[in-house]
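The structure under discussion appears below in the form of structure tokens.
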Amino acid sequence: MADRLHSHIGRKIITATYNRLKPLLNSWRVFLLKIMGIEIGNNCNVAANVTANLGFANQKKGVIEIDSRVEISQGVVLDCWGGSIQIEENVFLGPYSVIYGHGGVKIGRDTLIAMHSCILSSNHTIPDSNIPIRSQPDIPLPVTIGQDVWLGARVTVLGGVTIGDGCIVGAGAVVTKDLPPYSIAVGIPAQVIRQRPEKISNHILNSDETFTISHYSHS
């Protein structure tokens with residue numbers, strides 16, 4: 001009984017100490033991003049193990065701009081490769097999401113990007129078979145993700161794609177072409193299955209709609 005009590009008290013002390021240190025740790029991580037040359041706004045949350053690299057391309061340094069109230073979860077990778085990554089206010093980047101900015105990536109405000117998603121903004125040149133692919137340069141392909149977009153878990157967005165405002169992309173989808181505003185897309189490659197309703201404030205997906213999105217997301 002005494003051991004359990006001591007263990008319980010110990011956990012409470014550790015939790016309380018961590019909660020007090022959490023704002024300081026966040027401030028330290030934000031400071032580290034700033035001294036790397038990354039522009040980051042007020043009231044952003046940066047979790048542990050976030051990787052950010054500006055890189056160089058054509059003798060030009062990469063650019064990462066993060067607006068206010070952005071939440072960057074554990075393990076997120078922001079890698080410019082000399083390109084650019086622009087994240088507008090109140091965006092959520094889920095754990096272990098990866099964004100490559102070779103060709104430029106812009107993410108609109110209020111967007112949700114779920115865990116393990118991947119956003120690419122380039123492609124490889126495909127040479128003749130006697131030439132190694134790795135020896136060829138990347139082809140920059142800009143990506144634009146609009147406002148109020150929701151990318152489900154493990155979504156991949158390929159280079160050259162524009163995702164319109166208000167889109168929803170189902171878990172596991174691969175987006176290879178532009179999606180019109182307020183569309184719901186699922187599958188590999190992602191296909192639009194319907195549009196979001198105009199009056200969305202009180203709309204809740206019914207069981208049939210939920211099944212449809214879940215079913216197509218794993219097809």
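Values quoted throughout were computed directly from the atomic coordinates according to the rules given, and no laboratory measurement underlies them. All values reported here derive from a predicted model rather than from experimental measurement. Counting neighbours? That spans all protein chains shown, and the Cβs are built from the backbone with ideal geometry, glycine included.
General observations
- Taking amide H atoms as placed 1.01 Å from N in the peptide plane, the amide H of residue 123 lies under 5 Å from those of 139, 141, each 5 or more residues away in sequence or on another chain.
- Intensity falloff of the stretch 39-217 expressed as log10 I(q)/I(0), Debye formula with alpha-carbon point scatterers, at q = 0.08, 0.10, 0.19 Å⁻¹: -0.26, -0.40, -1.25
- With R₀ set to 45 Å, the beta-carbon distance separating residue 58 from residue 198 gives a calculated FRET efficiency near 0.50.
- Among 179-188, 127-136, 45-54, sorting by the average number of other beta carbon atoms lying within 10 angstrom of each residue, highest first, gives 179-188, 45-54, 127-136.
- Other-chain or far-sequence residues with amide H under 5 Å of residue 193's (modelled H): 184, 185, 186
- Test item: Cα-centred dipole of the stretch 11-169, Lys/Arg +1 and Asp/Glu -1 on Cβ, debye: 760
- Residue-count net charge about residue 70 - beta-carbon cut-off 9 Å; Lys, Arg +1, Asp, Glu -1: -3
- For the stretch 45-62, Karplus couplings with θ = phi - 60° (6.51, -1.76, 1.60), whole Hz, Gly/Pro x: 10, 10, 7, 6, 6, 7, 10, 9, 9, 7, x, 10, 8, 6, 6, 10, 7, x
- Amide H to amide H distances under 5 Å link residue 82 with 55, 56, 62, where only residues 5 or more positions off or on other chains count and H is placed in the peptide plane.
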